[in-house]
1. Restricting to Cα pairs below 8 Å that are 6+ residues apart, what does the relative contact order work out to for the range 2-225? Please round to a whole percent.
2. What translational D, rounded to a whole number of µm²/s, comes out for the chain from Stokes-Einstein when the hydrodynamic radius is the Kirkwood one over Cα pairs, at 10 °C and 1.306 mPa s?
3. Of 138, 152, 113, which is the most mobile in a GNM of the chain whose springs link Cα atoms less than 10 angstrom apart?
4. Between residue 227 and residue 51, what is the label-point separation in nm under the 7 Å Cα-to-beta-carbon projection?
5. Taking the chain as a Gaussian network, where each spring joins two C-alpha atoms under 10 Å apart, which residue of 149, 184, 199 fluctuates the most?
6. Just need the relative contact order of the range 70-185 here, percent rounded to a whole number, with Cα pairs under 8 Å and 6+ apart.
7. Could you give the angle, 0 to 90 degrees to the nearest 10, between helix 110-122's Cα long axis and the longest principal axis of the Cα atoms of the chain?
8. Rg and Dmax of the range 1-133, using alpha carbons, in Å: what are they?
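What follows is calculated from the coordinates using simple rules that are stated; it is not laboratory data. Note that the coordinates shown come from a computational prediction; the quantities given were computed from them, not determined experimentally. Positions of Cβ are backbone-derived with ideal geometry, glycine not excepted, and every protein chain shown enters the neighbour counts.
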């Protein structure tokens, strides 16, 4: 796994880093140490299980056969699919003494959602809004993360644009965010052993974000500076 840091502008309080490697290694990466934004580039497609999901949730033998990694993250929720080209995975970290830190977990991602809305608008994607209601898992959210609705996530109408999960520890909070340049559940949903996954992904309204990842990263950093 490699990492490349981008020196922020002299007025920036956000460190920007680029990382590439296996999805499992990227999830295990230590991103603590102040305000930072991390563009994660998985080397191959991966199905990422939530912290409480059983490994048996995925047919690992078939996944390996078609070249899809299976790993686990420390945050809860359902399965997330990451792809080297079709998804954009960005993590944002803040320390506990950051002005944006909120003790109430149910409200702690809202500021970031508003930054995403601003960043998307700067990329020409208008009409996005932040969901600020209670967590809603629905019928399939425990299986597939994008089928749930969480505070701080971003939608255009009823189509999810940005999914957010959160890890909190002594160093602060790590917000793991994903948007899809192309939503392709047919590539992976058949590998999930729960038959409801295919139904869930087929029913989802997901808004594609066809923006170069470096452009979106830069617009998000600028939006974070404005918070």
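1. Details: 482 pairs, mean separation 45.0, N = 224.
Answer for the range 2-225 is 20 percent.
2. Details: Rh = 17.6 Å.
Using the Kirkwood radius from Cα pairs, D works out to 90 µm²/s.
3. The residue with the greatest mean-square fluctuation here is 138.
4. In this crude spin-label approximation the distance works out to 2.0 nm.
5. 199
6. 35 percent
7. Helix 110-122 and the main axis of the chain meet at about 90 degrees.
8. Every Cα atom of the range 1-133 included, Rg and Dmax give 16.5, 49 Å.
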